[in-house]
Every structure is written in C-alpha cells, then in structure tokens.
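**Student:** Let me give you the structure first, and then I'll get to my questions.
The values are calculated or read from the model by the stated rules, or taken from the named source; none is laboratory data. This is a predicted model, so every value here is computed, not measured. Positions of Cβ are backbone-derived with ideal geometry, glycine not excepted, and every protein chain shown enters the neighbour counts.
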Amino acid sequence: MNKFKLTAGAAALCCTAMLASACTFGGGTGEQPERETIQKPDKTITVINETPPAASVTVSNIATVEDARGMNFLDDERIVFSRKNTGVPPQPVEGEEVYPNNLYVYDLAGKTSELLVEDQQNLGFSVLSPDGKHLFYKMTEEATAFGRILDLATMKSVNLDIEEPIDLNGGQWIDDSHVLVSTLFGKVVVADLSGKTETVLEPGGVLLGAAAGDGGIYYIQGGDNRELYFVADEEGAQPEKIAEGVEWIIPSPDRKQLAMVKVTSETERTLSVIDRKGQKLLDIEKGTQIFGTSWSPDGTKLAYSLTSETGGDNGVFVADSLTGEKTGVLVGQASDTVAWSPSGKKLLASVFENDRFVTSVITLQ
C-alpha cells in the first residue's frame, strides 16, 4: 500500500503520496450539522451539535427533458445528459447497427440542447469538478468503463492513462484537479487533469467501489459478503473491515459521515447514515432497491430513489440527514440517477419508461 494523505477541502499529490460524490461519490466542503457518538457499556449515545434544520421540502415545479438520461448539473440552469447521437456512424452490436450514446447539455431556461462530447463510442457517467471547470466522464463498453476528463474551457478531453477498466458507476473529485476511481482489478487510483494516474491502494480482488473519506479511503471488496473496508491515511495503516453486505457508499460533503446502502435480506435494502468507523447513526429508508443516493451540497439532506415489492412507496425522496423525515418529490417513478444542483434548490432524476429515458428537473422550496 502506498502512503497517502487526504484532506477535506484541498489535497496535494506528490511522489507516492496521495492527496471523498457525488455519485455517483461526491466531494465538497459544505458546513453541516454533525453527530458525536459516545459509547457506554449498555448503550450508544448520539449527540447532535446544533438544532436540526427544518426537514420538510415542497416541490414548486418539475420540468422534463424527453429522450435524455440525466447525469448531473453544470449549474442551476444547465444539465448534462446522454442520448443517442445519430450524427455519427452506427456501430455493429450483436448483429445490429446501433448509434452510440453521447453527452449533451440542456439549457433549462431556453429549453435547448447541444452536443457536448461527440464520439463513436458510448459515453456516460459524468461528474463536475468542485470549481466547475472540468467534467469527469466515461467511455463505456458493456459492463466496463474507461475514464476521461474534459476541460470545459478548451473542450479538449484526455484519457486516464490506465489500461485497466474502471468501476462503471463510481468516480469522485477529491479536489479541483484530482479524481479518485477504483479499477475492476483491485486498485484505487487518483488521476490528475492530464490523465496521469497513481495507484494509492491495491487491495486486490474485485472492487465494487471506492471513496475518499475523512482521514482515509473506503472500498468495497467484491464477493458474497460485499465487505466495506476503511484504510486510514497513516503510515503502515491496515485495512479495517467496518461492514458487510454493502452495495453503495456515499460520503457526505465534509466526508465525516457516509450514506450506506446495505443488503439486509434477500428482498430488502436499508439506507443508513454511519460514521467513519461504521457506527450506525440513523436509518433513513428500507426497500427492495435503493439507488441514486446523493447528498445535498450543505449535507443536510439525502435524495434517493426507492422501489418496493411489498406495496410501499416508490419514487424519488428527499430525507433530512439528521431526523430521517422524508418527502416524496417524484412519486411512483424510480430513478437510476439522482443529482443536486450547486445551490441545492433543484434535483435531477432520470427515469426509464416506454423504452427510453426521461429526465425530470425538480425545483424545491
């Protein structure tokens, strides 16, 4: 294992030292209420360091973008989405000619779209750097992906200089100029804006995701148990297993807490908030599937998509991260992607219906 060092707001990468979402695993430095857990012989006490904010939200407007798989916001008025690009030659796929999905930008005010990145390969999964100057996205091949970084000023892209495919769904800006990803062959790497990568952890085996947290790195080891480990950014630190049955982890903007989706039975998943050592702070939701989880920029709310086969609620919800109080914002429709706008006043949700994707942009009050 390489020596590495992580900080919540800025990080430096030099020699073999490494400098945590959204997210799918977002970074950020937003101030937010915190919990402190105190262990007693017979119980665990959770102390909240300030009065919880008002949990309720209301929906003031929902705008839809047809035939668009939403990815993320560039700002509060523009979103990135993927769609088939009929302007490039189709590619042979299983005996058929198929147009590739490319990246576009949609202007909510003008209700217009334009091509952002054109390629003869499928493009998807994008996340904006904290300073809004670069976009990390992926070229996808079936269940594998290869990372790229787009400079939004010059509109030039660079490829990550690793030949190994990376996690299809993950990727986290840890500051304005470095992205953390995991490969499918057991490495956690950090890439700079030139595409140069450095391996910062090498657990081996199959990794199902990795993220930078407060003072270290989390990763999910594949296999039947889906084990979540934490490695502190200290010389000689060893991996510490903190949970099993984990499907997703999403660090809070300040990286001091995690939203975790865990398999709790054959037909049930649970979304919880845990501390850096895996101590459960709050159960948010239970359902057959929970995905698209995303923290609000200030860390006070969690948005997620829920499906249930037991007659429960289906749709996109926003929950208070301290109290768990939830509000349905897109009822009856499960989204594969949920993302917040920079202001925290809008949500993007991407729903597959009638053999195509439709993106909803939900304005909240």
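**Student:** Could you tell me whether G332 is small (G, A, S) and either under 28 Å from E266 (Cα atoms) or surrounded by 24 or more Cβ atoms within 10 Å (Cβ to Cβ) (or both)?
**Tutor:** Against the criterion (small (G, A, S) and either under 28 Å from E266 (Cα atoms) or surrounded by 24 or more Cβ atoms within 10 Å (Cβ to Cβ) (or both)), G332 qualifies.
**Student:** Six or more apart or on different chains, Cβ atoms under 6 Å: show the pairs whose first residue is in region 166-186 and over 19 Å from T293 (Cβ atoms) and in a loop (DSSP other than H, G, I, E, B) and whose second is at pLDDT below 95 and aliphatic (A, V, I, L, M).
**Tutor:** G186/L207
**Student:** Looking for something over 23 Å from S126 (Cβ atoms), among the acidic types (D, E) and out of contact with any Lys or Arg (no Cβ under 7 Å at 6 or more places or on another chain) - is there at least one such residue anywhere in region 255-272?
**Tutor:** yes
**Student:** Let me ask another. What single numbered condition from (1) touching an Asp or Glu at 6+ places or on another chain (Cβ under 9 Å); (2) on the phi > 0 side of the Ramachandran plot; (3) of a type in the set (D, E, K, R) fails to hold for D355?
**Tutor:** Only one criterion in (1) touching an Asp or Glu at 6+ places or on another chain (Cβ under 9 Å); (2) on the phi > 0 side of the Ramachandran plot; (3) of a type in the set (D, E, K, R) is unmet by D355, namely (1).
**Student:** Among the β-branched types (V, I, T), farther than 29 Å from E240 by Cβ, in a strand (DSSP E or B) and within 16 Å of the chain's Cα centre (by Cα), is that true of V338?
**Tutor:** Spelling it out, V338 is indeed among the β-branched types (V, I, T), farther than 29 Å from E240 by Cβ, in a strand (DSSP E or B) and within 16 Å of the chain's Cα centre (by Cα).
**Student:** Return yes when K277 is modelled with pLDDT under 95, among the basic types (K, R) and in a strand (DSSP E or B) and no when it is not.
**Tutor:** When the stated conditions are applied, K277 does not pass them.
**Student:** Could I ask something else about it? Taking L322, is it of a type outside the set (G, A, S), assigned to a loop (DSSP other than H, G, I, E, B) and under 18 Å from L258 (Cα atoms)?
**Tutor:** Considered against the rule, which asks whether it is of a type outside the set (G, A, S), assigned to a loop (DSSP other than H, G, I, E, B) and under 18 Å from L258 (Cα atoms), L322 comes out as yes.
So that you can scan it fast, the table gives a plain yes or no per residue for (1) surrounded by fewer than 17 Cβ atoms within 10 Å (Cβ to Cβ); (2) over 18 Å from the mean Cα position of the chain (by Cα); (3) assigned to a strand (DSSP E or B):
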site: L306; (1), (2), (3): no, no, yes
site: D313; (1), (2), (3): yes, yes, no
site: V316; (1), (2), (3): no, no, yes
site: G328; (1), (2), (3): yes, yes, yes
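**Student:** Are there any pairs, at least 6 apart or on different chains, whose C-beta atoms fall under 6 Å, with the first in region 90-108 and of a type in the set (A, V, I, L, M) and the second loosely packed, with under 13 Cβ neighbours inside 10 Å, and if so, which?
**Tutor:** Filtered contacts from region 90-108: V105/E114.
Yes or no, residue by residue, for (1) among the small types (G, A, S); (2) crowded, with 22+ Cβ neighbours inside 10 Å:
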position	(1), (2)
V179	no, yes
V200	no, yes
G204	yes, no
D214	no, no
D224	no, no
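**Student:** Taking region 77-115, which residues are closer than 24 Å to G344 by Cα, of a type in the set (A, V, I, L, M, F, W, C) and surrounded by 14 or more Cβ atoms within 10 Å (Cβ to Cβ)?
**Tutor:** Passing the criteria: I79, V80, F81, L103, V105, L108.
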